[in-house]
Amino acid sequence: MNSFTLPTLSDFLLLCLLFIGSAWFTISTIQVIIKGETSKYSRGGAIYRSQNPQKFWIDVCTRFVLAIYALLLGLAIIGFAPLPFLIPPNWTQKSVGNEPVMVRIPNKNYEIGKYDVTQGEWKAVMGSNPSYFKGCGNNCPVEQVSWNDAQQFIQKLNAKTGKQYRLPTEAEWEYACYGGSQTEYCGSDNINSVAWYSENSGRQTHPVGQKQANGYGLYDINGNVWQWMQDWYDNSQQNRVVCRGSWYNYPQFGRTANRFGYVPTNRNYSVGFRLARTLP
């Protein structure tokens, strides 16, 4: 479920241009179909249509595609992308402002982040970037954040948005991870298709959303960075749960059934987090 935020002035102007362009292409295409006219053949349009049927229908289809694509880009700006595979990757995080993109988990009363919290989202809320892999860019997961750091981020995000974000519990994460099917990793039995790990990462993080999503549309549930959970790892209450594997680790660390704990004050360049929220 995408969050809706008002676009900035620059986004609003671009949004207007895209919608105007979409409307123009649509209207002109209707004129082409009715009158047989194109921008290159404003005179003798009916003759052009009858003598060049292939070029005529290529022109019609091109106009429709451009109109639809302009409309989708406009919708992406305001945080609603019904066909996200058509949207350029670097628009993904911009489209939702300071709020994360969330996915409602079927038959449950919570939603969970579609992606790990990114460096861009962290900077927008905290004003700084603790990540070791800063060169990876704003769409890469934030790392080198402790469990306590994540709680500070959540507190500030909640104050900004008026919503009650939190870390997921391990049970919530695990249910969301499977995505409706029992697989060795989150969304697949083939770790290469769903995760960045030691053998394919090039020893660094990668922008979120580049691997295959699981059945619920969640990305990077395994790999890229470990994710802090709300739970204590055991009754000693010394470690918090982290799920499951990172760019640094071997495949076995990413298996859904394995459990791991980490000291909540520690920071590491392979540890980040994603958000959850209980729904009304």
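So the values come out like this:
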{"quantity": "Failed item, numbered, when THR161 is tested on (1) out of contact with any Lys or Arg (no Cβ under 7 Å at 6 or more places or on another chain); (2) over 30 Å from ASN107 (Cβ atoms)", "calculated": "(2)"}
{"quantity": "Selected residue [part of a loop (DSSP other than H, G, I, E, B), in contact with a helix residue (DSSP H, G or I) (Cβ under 8 Å, 6 or more places away or on another chain) and not charged (D, E, K, R)] from TYR197, TYR219", "calculated": "TYR197"}
{"quantity": "When residues of the range 180-196 are limited to those that are at pLDDT 95 or above and within 19 Å of PHE273 (Cβ to Cβ), the one surrounded by the fewest Cβ atoms within 10 Å (Cβ to Cβ)", "calculated": "VAL194"}
{"quantity": "Criterion: surrounded by 15 or more Cβ atoms within 10 Å (Cβ to Cβ) and more than 26 Å from GLU99 (Cβ to Cβ) - qualifying residue of SER246, SER201", "calculated": "SER201"}
{"quantity": "Residue tally, condition touching a Gly at 6+ places or on another chain (Cβ under 8 Å) and within 16 Å of ARG274 (Cα to Cα), over the range 197-216", "calculated": "4"}
{"quantity": "Qualifying positions in the range 204-238 - buried (at least 24 other Cβ atoms within 10 Å of the Cβ) and among the acidic types (Asp, Glu)", "calculated": "ASP220"}
{"quantity": "First in the range 160-171 and assigned by TED's automatic domain parsing to the domain that holds GLY272, second anywhere and part of a loop (DSSP other than H, G, I, E, B) and of a type in the set (Lys, Arg), Cβ under 9 Å, 6 or more apart", "calculated": "LEU167/ARG274; PRO168/ARG274; GLU170/ARG259"}
{"quantity": "Lone unmet requirement of (1) in contact with a Leu (Cβ under 9 Å, 6 or more places away or on another chain); (2) touching a residue at least 40 places away in the same chain (Cβ under 8 Å) for GLY187", "calculated": "(2)"}
{"quantity": "Within the range 202-222, considering residues that are of a type outside the set (Val, Ile, Thr) and closer than 15 Å to ASN268 by Cβ, the one farthest from the chain's Cα centre (by Cα)", "calculated": "ARG203"}
{"quantity": "Flag for ILE112 being on the phi < 0 side of the Ramachandran plot, in a strand (DSSP E or B) and of a type in the set (A, V, I, L, M, F, W, C)", "calculated": "yes"}
{"quantity": "Selection from the range 126-148 of residues that are surrounded by 20 or more Cβ atoms within 10 Å (Cβ to Cβ) and either not assigned by TED's automatic domain parsing to the domain that holds GLN227 or not in a loop (DSSP other than H, G, I, E, B) (or both)", "calculated": "PRO141, TRP147"}
{"quantity": "Members of the range 225-280 that are at pLDDT 95 or above, touching a helix residue (DSSP H, G or I) at 6+ places or on another chain (Cβ under 8 Å), of a type in the set (D, E, K, R) and not in a strand (DSSP E or B)", "calculated": "ARG267"}
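The values are calculated or read from the model by the stated rules, or taken from the named source; none is laboratory data. Because the structure is predicted, anything quoted here is derived from the model rather than measured. So basically every Cβ, Gly included, is an ideal-geometry build from the backbone, and we count neighbours across all protein chains shown.
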